[in-house]
Amino acid sequence: VQLQASGGGLVQPGGSLRLSCAASGIDVSSNVMAWYRQAPGKQRILVAGITGDPRTMYADSVKGRFTISRDNVENTVYLQMNSLKPEDTARYYCNGMRNTGREYWGQGTQVTVSS
């Protein structure tokens, strides 16, 4: 399984970014896919997730600003991030979890929100 995250970068507060997670070896349409983030010195936390149904969930800190979605044909998961804040600065990781509970991680992509 490979999860290739991309789309990070430097953006000003209030700006937007769209992260992509291109998956191989795992079907994004039938497994739980998620985005996590980890800021320096802090624990990795769940940001958003999408199930096979699909149902979505979001951390309270990003509700109304972030949207997780997927493209079943491209086998890719996206995270649209709007109204970005400095506290959103972190490395963002794509995660895939099979029904067995086996998890897979991508290498992450850095998001920096700063003026």
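Scan the stretch 33-59 residue by residue and report those that are open to solvent by 30 Å² or more (accessible area, probe 1.4 Å), hydrophobic (A, V, I, L, M, F, W, C) and under 14 Å from TYR92 (Cβ atoms).
ILE45, LEU46
Among the residues of the stretch 103-115, what is the count of those that are assigned to a loop (DSSP other than H, G, I, E, B), open to solvent by 80 Å² or more (accessible area, probe 1.4 Å) and touching a strand residue (DSSP E or B) at 6+ places or on another chain (Cβ under 9 Å)?
The total comes to 1.
Are any residues in the stretch 87-102 loosely packed, with under 15 Cβ neighbours inside 10 Å, in contact (Cβ under 8 Å) with a residue 24 or more places away in the chain and outside any helix (DSSP H, G or I), and if so, which ones? Talk me through it step by step, then tell me what you get.
Applying the first criterion (loosely packed, with under 15 Cβ neighbours inside 10 Å) to the stretch 87-102 yields 87, 98-102.
Those left that are additionally in contact (Cβ under 8 Å) with a residue 24 or more places away in the chain: 87, 98-99.
Across the stretch 87-102, the qualifying residues are ARG98, ASN99.
Of a type in the set (S, T, N, Q), outside any strand (DSSP E or B), open to solvent by 20 Å² or more (accessible area, probe 1.4 Å) and out of contact with any helix residue (DSSP H, G or I) (no Cβ under 9 Å at 6 or more places or on another chain): which single residue out of SER30, SER69 fits that description? Working first, answer last.
Values: SER69 fails: outside any strand (DSSP E or B).
Just one listed residue meets the conditions, SER30.
Consider LEU84 against the criteria (1) surrounded by fewer than 19 Cβ atoms within 10 Å (Cβ to Cβ); (2) outside any strand (DSSP E or B): it satisfies all of them except one. Which criterion is unmet?
(1)
Within the stretch 23-32, does at least one residue satisfy the condition of being under 16 Å from GLY108 (Cα atoms) and within 12 Å of the chain's Cα centre (by Cα)?
No, the stretch 23-32 contains no residue that is under 16 Å from GLY108 (Cα atoms) and within 12 Å of the chain's Cα centre (by Cα).
Looking at the stretch 50-89, which of its residues are among the hydroxyl-bearing types (Ser, Thr, Tyr) and touching a strand residue (DSSP E or B) at 6+ places or on another chain (Cβ under 6 Å)?
Matches in the stretch 50-89: THR51, THR56, TYR58, THR67, SER69, THR76, TYR78, THR89.
Take the residues of the stretch 44-66 that are among the small types (Gly, Ala, Ser) and assigned to a strand (DSSP E or B): which is nearest to GLY14 (Cα to Cα)?
Filtering the stretch 44-66 down to residues among the small types (Gly, Ala, Ser) leaves 48-49, 52, 59, 61, 64.
Now narrow it down to the ones that are assigned to a strand (DSSP E or B): 48-49.
Numbers: ALA48: 19, GLY49: 23 Å.
Taking the candidates together, the pick is ALA48.
Among the residues of the stretch 67-115 satisfying the criterion of being out of contact with any Lys or Arg (no Cβ under 9 Å at 6 or more places or on another chain) and of a type in the set (Lys, Arg), which is nearest to ALA22 (Cα to Cα)?
Here the residue is ARG70.
The values are calculated or read from the model by the stated rules, or taken from the named source; none is laboratory data. Quick caveat: nothing in here was measured; it's all calculated off a predicted structure. Every residue, glycine as well, gets a Cβ built from its backbone with ideal geometry; the counts of neighbours run over all protein chains shown. Heavy atoms of the whole protein, side chains included, go into the accessibility calculation; ligands, DNA and RNA do not. Shrake-Rupley method; radii C 1.70, N 1.55, O 1.52, S 1.80 Å.
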